[in-house]
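Rule-based calculations on the coordinates, nothing more; no lab input. Small disclaimer: the values here were computed from a predicted structure and weren't measured.
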Amino acid sequence: MFTGIIREIGTVGRVQRSGGILFLEIHAPKTAAHVEPLESVAVNGVCLTAVRVERSIVGVEVIGESQRCTTLGRLRAGDRVHVEPSLRLSDRLSGHVVLGHVDGTGTIVKRAQRAGALVLTIRADAAARRLLVPKGPIAVDGVSLTVGPQVRGGMFTIHLIPETLRHTMLATRRQGDRVNVEADYLAKVVALTAAGRH
């Protein structure tokens with residue numbers, strides 16, 4: 001479990017594909033100092049297992065399903081990513097409950113400055129669209145945020161304050177970029193209950 005409060009921006013080093021598995025070597029010294037092999041770590045909001053931890057490097061493996069339904073399969077050496085180690089029982093829950101189980105991806109369709117904030121309009125894919133709740137919690141590339149007041153046609157907005165822009169990579173996201181989207185857990189429970197799948 002995570003909070004969506006990004007602890008570090010890491011840099012992708014070695015990228016290797018073998019037998020359908022994508023191996024990513026991420027330079028993330030703060031995270032590497034606190035994570036043991038087999039512990040969970042979120043990379044751009046996706047919960048993965050640290051299979052190797054060496055000095056300043058965290059190595060993770062990404063299965064085919066995760067490559068298919070997230071943006072991780074597109075990562076290349078040199079890309080910068082959001083990294084968050086999993087919560088410990090003694091940690092404060094500063095953001096919201098983020099499981100790292102990404103519901104789908106979204107595409108940025110608009111960037112705008114409004115009242116000192118950067119507003120990104122995102123079109124969610126079908127998998128994530130039905131779970132969007134106006135003014136509800138959402139994680140975009142692992143960052144704990146709030147959905148804007150309206151959701152229309154699968155499009156929603158996020159309002160990014162300067163502090164969020166300083167500590168994440170969201171300021172670099174451009175029109176056409178894809179991002180990982182994880183809806184609020186309670187919204188998922190309600191959707192499954194309404195569908196009779198509880």
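Summary of values
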{"read-out": "Normalised contact order of the chain, rounded percent, pairs of Cα under 8 Å and 6 or more residues apart", "value": "23"}
{"read-out": "Built amide H within the under 5 Å cut-off of Gly59, gap 5+", "value": "Ile26, Val51, Arg52, Val53, Glu54"}
{"read-out": "Quotient of Cα Rg and 2.2 N^0.38 Å for the stretch 3-66, N being how many residues it contains", "value": "1.04"}
{"read-out": "Centre separation in Å (Cα based) which lies between the stretch 7-58 and the stretch 169-192", "value": "21"}
{"read-out": "Crossing angle, helix 185-194 versus the chain [Cα axis fit, 0-90 degrees, rounded to tens]", "value": "60"}
{"read-out": "Value of [θ]222 nm, deg cm²/dmol, for the chain, DSSP H segments ≥ 4, -39500 (n - 2.57) each, nearest 500", "value": "-3500 deg cm²/dmol"}
{"read-out": "Whole-Å semi-axes of the ellipsoid equivalent to the stretch 104-194 (Cα gyration tensor, √5λ, descending)", "value": "22, 13, 12"}
{"read-out": "With 5 Å bins from 0: P(r) over the chain, alpha-carbon pairs, percent", "value": "1, 8, 16, 21, 20, 16, 11, 6, 1, 0"}
{"read-out": "Using distinct alpha-carbon pairs, which all enter the 1/r mean, Kirkwood radius of the stretch 68-113 in Å", "value": "14.1"}
